[in-house]
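Just so you know, all these numbers are worked out from the coordinates, no wet-lab data involved. As the structure is a computational prediction, the values presented were derived from the model and not from experiment. Methodologically, a virtual Cβ is constructed for each residue, glycine included, from the backbone with ideal geometry; neighbour enumeration extends over all protein chains shown.
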Amino acid sequence: MKTSTKYSILFVAILILISCSKDDDNPVANNVTLHFNNTFKNTTIVLGDATSSTATANTSAEGQVHHFSELKYVISNIRLVKADGSEIPYNISDLDKGATVVDHSKAQTLDYVLTNIPVGEYRQLKFGLGVKPELNTLDEARFPNFYAEAGANDTKMHWEWGTGYRFTKIEGFYDTDHKQLSIHTGSTVEGTNGEPDTYTQGVDAYRDITLTLPDNAVVGRNAPRITINADFDKLLSGKTNTITLGAGNATPSIHTAANMVLFVDNLGGNGPSDISGMFSVSSVEN
Amino acid sequence: MKKVFLILSILLLLLSCNREDIIEPMPYDNPEIPLDIPLGFPQLNSSVDGNRPTKYGVELGEKLFHEKKFSGNNTISCSSCHNRSSAFADNNVQAIGIHGRVGLRNTPPIQNLAFMKFYNWDGNKLTLESQPLVPIITQEEMNSSIMEVIGKLRNGGEYRELFRKAFGDENITPDRIYRSIAQYEYTLISANSKYDKVKRNEGEAFTESEARGYQVFQQKCESCHSTELFTDQSFRNVGFPPNTSTEEAGRARVTGIPADYMSFRVPSLRNAEYTAPYGSFGQFPTLKAVLDYFDNGVLDADNLDPILKENGNRILLIEQEKEDIISFIKTLSDSTFVGK
């Protein structure tokens, strides 16, 4: 009897010690916060209506002054790449847990917290601007939370006629007389782009972004915060296309696949020669 | 101990008896409905093979087609715009949905869709099963969501039995809704017009005007309105007055290809008599107005259909020819299909 009591005490003591050491010294996972800073060049954007005096005005390469009243985009398919090259996918097949709408008018949407990221050093961040084709079906039964978040009355990121999500929604004004601009992007693709066996029609507006971090993000006892700049100066003055709205090479209202790819390639890169588009990482706080 | 055992045994017996009483009802025999493919019709859309109409699938689909719970405020069903007496189209210029909201385009008829490769004016849908979600969520149409619809259907009770008959159990799922509506639509085949009866030598004959109209039609219309569907299912810009909504780009809305700008699917002419007005957003009140427009000359465009370009952007027609063509088009009216 006595011996067994001793063993019991020892056992409990060991258990306590083990549990203590786990909590305090060696976490197996922690959060990573993605902070989205939407800018024109280096200035964080302030939204405003047509005649707003406080809205951030930007001038395009072709000399068109413009500002925004609304600015939203969808981020999904997030992956973190470790220093050794291995990729940690973050709920990439679950829009409810792995996708978000960044809405510049709602401060809380500018931070997206990735939970339970395995401890380690990460050197690259990958994500999608938009939703990859296989998940872009407005499937409310499968992803009720993201469907509701994107479809809310003050968000309107459902592309109804295409039964997919809007990937970006930009409303604003251009030229000195504040003509309206309204640029929506989304996919209409059926099958897989570039695969003749499956592709039937449409445009894939999803863009995969790869960003190398200026410093490794170290997930451990600390939860890193990665600041991603989304420079909307690129909308009209991008790496791929220089756009003039109105009588130039694009209409100021993009609500269909027509003319849309000019903007998509500027915002999300054209794939082959540009895999970052308007995005860059300005800082990593460990 | 023995008594306890006895009581237990009796209880067990009773329980097992109960169980047998509430045995699942026998599954319904739900036979496939054969599609009678009219002579000379093109091949079925390949998705029909994966969703063959069944007796109870079609019954359920027809009921759902007329179900106003599909709209946010229970006022609009599919049949609100797709009205049988108008060949499952309507006679509004542009579709009118919830709260009287006006849609982008003219309601297309629902007929012979099992034989179509593209759906909607711009062909954005390639299967009927993927189509119903569009009107359900579109704010100018039903302004609802599929889970909202399912919630209402579950509350009703009557639908559980209908889903069980059609699909084997009571689960009401998005997929089953889409599939049953598509099954119903597959059965909406119109091929019993005067034209069909003449072609099948069933004792009917064209009048002189109809016969002349058929001649002119073959010369001046048939290059686009071809096959027994009276559409070649191509997309063409025929220089009609354009819809100025920024939401409209025709086929280019889907493809993003400049050459597809303001091109629309060539509409079938079957039952055209019942589907006025005409054009992608109802530009023309009558068939005569369409023919007058072609005769007078259409709007030029870089991607104007080559056949029109070769003919000076018009289809020359004298008044007699127009009258005769209209007489011929009316032979494509299938009164049994529209229930008249």
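Classify the protein assembly as shown from the C-alpha gyration tensor, please: rounded if a/c falls under 1.5, else prolate or oblate depending on whether a/b exceeds b/c. Cα axes put the protein assembly as shown in the oblate bin.
For the pairs B:K199/B:K330; A:K72/B:K69; A:K82/A:K126; B:K309/B:K330; A:K126/A:K239, flag any whose C-alpha to C-alpha distance is greater than 21 Å.
As for pairs spanning more than 21 Å Cα to Cα, those are A:K72/B:K69; B:K309/B:K330.
If you sort the three axes of the alpha carbon gyration tensor as a ≥ b ≥ c, you get a/c of 1.5 or more for the range B:46-186 and a/b no higher than b/c, which makes it oblate.
Summing Lys and Arg as +1 and Asp and Glu as -1 over all other residues whose Cβ lies under 12 Å from the Cβ of B:F70 gives a net charge of +1.
Note on chain B: GNM, Cα springs under 10 Å; of B:V254, B:V48, B:V266, the largest mean-square fluctuation is that of B:V254. Which residue fluctuates the most in chain A, going by a Gaussian network model with Cα springs under 10 Å, if the choices are A:F143, A:F167, A:F68? Per the Cα network of chain A with a 10 Å cutoff, A:F143 tops the list. Enumerate the residues in the range A:191-218 having an amide nitrogen under 12 Å from the point lying 7 Å beyond the Cα of A:I88 toward its Cβ. Residues passing the 12 Å test: A:217-218. Toward the positive end of the charge dipole of the protein assembly as shown, with +1 on the Cβ of Lys and Arg and -1 on the Cβ of Asp and Glu, the farthest Cα among B:L128, A:V281, B:N311 is that of A:V281. Of A:T176, B:T107, the sequence from fewest to most neighbouring Cβ atoms within 10 angstrom is A:T176, B:T107. Efficiency by 1/(1 + (r/R0)^6): what FRET value for A:D197 and B:L35, r their Cβ-Cβ distance, R0 = 30 Å, to the nearest 0.05? With R0 = 30 Å, the Cβ-Cβ based efficiency is 0.60.
Using a simple charge model, +1 on the beta-carbon of Lys and Arg, -1 on the beta-carbon of Asp and Glu, nothing else, what dipole does the range B:194-330 show about its Cα centre, in debye to the nearest 20?
For this selection, approximately 260 debye.
Apply the a/c threshold of 1.5 to the C-alpha gyration tensor of chain B and tell me whether it is rounded, prolate or oblate. Prolate, because a/c is 1.5 or more and a/b exceeds b/c. Count the net charge of all other residues whose Cβ sits under 11 Å from the Cβ of B:R236, scoring Lys and Arg as +1 and Asp and Glu as -1. With Lys, Arg at +1 and Asp, Glu at -1, the neighbours total -1.
Calculated FRET efficiency, A:K179 and B:A289, Cβ-Cβ r, R0 25 Å, to nearest 0.05? For A:K179 and B:A289, the calculated efficiency is 0.10. Spin-label model, A:K239/B:N201: points 7 Å from Cα along the beta carbon direction are separated by 7.1 nm.
Here's the picture: a label point sits 7 Å out from the Cα of B:K68 along the beta-carbon direction, and within the range B:91-132 the residues with their amide nitrogen under 20 Å of it are B:91-92, B:95-103.
Report, in debye and to the nearest 20, how large the dipole of chain B comes out about its Cα centre when Lys and Arg carry +1 and Asp and Glu carry -1 on their Cβ.
Numbers: 37 positive and 45 negative charges, 216 e Å.
Computed about the Cα centre, the dipole is about 1040 debye.
Between B:N171 and A:T137, what FRET efficiency comes out of the Förster formula 1/(1 + (r/R0)^6) with R0 = 25 Å and r the beta carbon distance, rounded to 0.05? Efficiency computed from Cβ-Cβ geometry: 0.80. In terms of other Cβ atoms within 10 Å, B:H225, A:H66, B:H99 run from fewest to most in the order B:H99, B:H225, A:H66.
Using the Cα centre of the range B:210-250 as the reference point, and only Cβ charges (+1 on K/R, -1 on D/E), how large is the resulting charge dipole? Debye, rounded to the nearest 20.
Values: 3 positive and 6 negative charges, 44 e Å.
Here the range B:210-250 has a charge dipole of around 220 debye.
Just for chain B, what percent of DSSP beta bridges are antiparallel, to the closest 5?
The answer is about 80 percent antiparallel.
Residues considered: B:E62, B:E129, B:E319. Largest GNM mean-square fluctuation over chain B, using C-alpha springs under 10 Å, is found at B:E319.
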